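The values are calculated or read from the model by the stated rules, or taken from the named source; none is laboratory data. Here the structure is a predicted model, which means the values were calculated and not measured. FYI the Cβ positions are ideal-geometry reconstructions off the backbone, even for glycines, and counts take in every protein chain you see.
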């Protein structure tokens, strides 16, 4: 791992651990254009509940696409799942990882500075409205975010214009217990072993809603998204368990 310090509020793992590039997964969904954004869409057409997935800084990765398909096909509940391409085809380049020299660190810092989570959080109410117009069978919305996207979900669900009935994050970046104070919907947080235990505990304590908070101690930051090395049995097992927990929580607590 490089010695690049945490930047723009991210933890050190988020700034240094490279993604795992997997291959061979055949996506079950397709891409659509919604509110000017390319959007991965998966799940049954008659679903009345929709989940907006906010990816990590690496954008569309097989592991994240596969996770969306799991959400859409692995529950008695019917979910239509959407992954908007907030980076418009320009995610954080994987060749900047690990950021083991000054040039890469400078580029990565600038990328984080140009892609603040609050900007996406502010756009989400409009996106959900556009999704609802295009997919009118969906009448209630949930959100799940990974790493950088986890911060987006914390911000939007704690905001005054929150369009979501339920929310969740996995291995979230920039965990802030103050966000939890404002969250008014059921919320699940699955942490890796690389998020600070004390901060995760304070976040949990500040949640005054139905909640599930759990730390996957032997998993890396990103194990449910781009950094999931699914060739390793333990990672694959915990990847699957993470999605099962999200589905179980959503099924039990979605209003």
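Taking the numbered list (1) more than 20 Å from residue 34 (Cα to Cα); (2) free of Cβ contacts under 8 Å to residues at least 40 places away in the same chain; (3) assigned to a helix (DSSP H, G or I); (4) in contact with a helix residue (DSSP H, G or I) (Cβ under 8 Å, 6 or more places away or on another chain) in turn, residue 103 passes all entries but (4). For region 192-210, indicate whether the set of residues that are buried (at least 19 other Cβ atoms within 10 Å of the Cβ) and closer than 18 Å to residue 70 by Cα is non-empty. There is no residue in region 192-210 that is buried (at least 19 other Cβ atoms within 10 Å of the Cβ) and closer than 18 Å to residue 70 by Cα.
For region 21-38, the set of residues classified as within 23 Å of residue 133 (Cβ to Cβ) and in contact (Cβ under 8 Å) with a residue 60 or more places away in the chain consists of 32, 34, 35, 37, listed by residue number.
Scanning region 38-79 for residues that are over 21 Å from residue 166 (Cβ atoms), crowded, with 18+ Cβ neighbours inside 10 Å and touching a strand residue (DSSP E or B) at 6+ places or on another chain (Cβ under 8 Å) returns 60, 65.
Restricting to region 130-143, what's the tally of residues that are under 19 Å from residue 184 (Cβ atoms) and either modelled with pLDDT under 95 or assigned to a helix (DSSP H, G or I) (or both)? Within region 130-143, residues that are under 19 Å from residue 184 (Cβ atoms) and either modelled with pLDDT under 95 or assigned to a helix (DSSP H, G or I) (or both) number 0.
For region 158-183, enumerate the residues that are closer than 30 Å to residue 133 by Cβ and within 13 Å of the chain's Cα centre (by Cα).
Of all residues in region 158-183, those closer than 30 Å to residue 133 by Cβ come to 158-170, 172, 179, 182-183.
If the condition is that a residue be closer than 30 Å to residue 133 by Cβ and within 13 Å of the chain's Cα centre (by Cα), then 167, 168, 169, 170, 172 are the ones that fit.
Hey, could you check region 144-156 for residues that are touching a strand residue (DSSP E or B) at 6+ places or on another chain (Cβ under 6 Å) and outside any helix (DSSP H, G or I) and say which is surrounded by the most Cβ atoms within 10 Å (Cβ to Cβ)? The selected residue is 146. Looking across region 80-100 at every residue that is surrounded by 17 or more Cβ atoms within 10 Å (Cβ to Cβ) and in contact (Cβ under 8 Å) with a residue 60 or more places away in the chain, the one that is nearest to residue 250 (Cα to Cα) is identified as 97.
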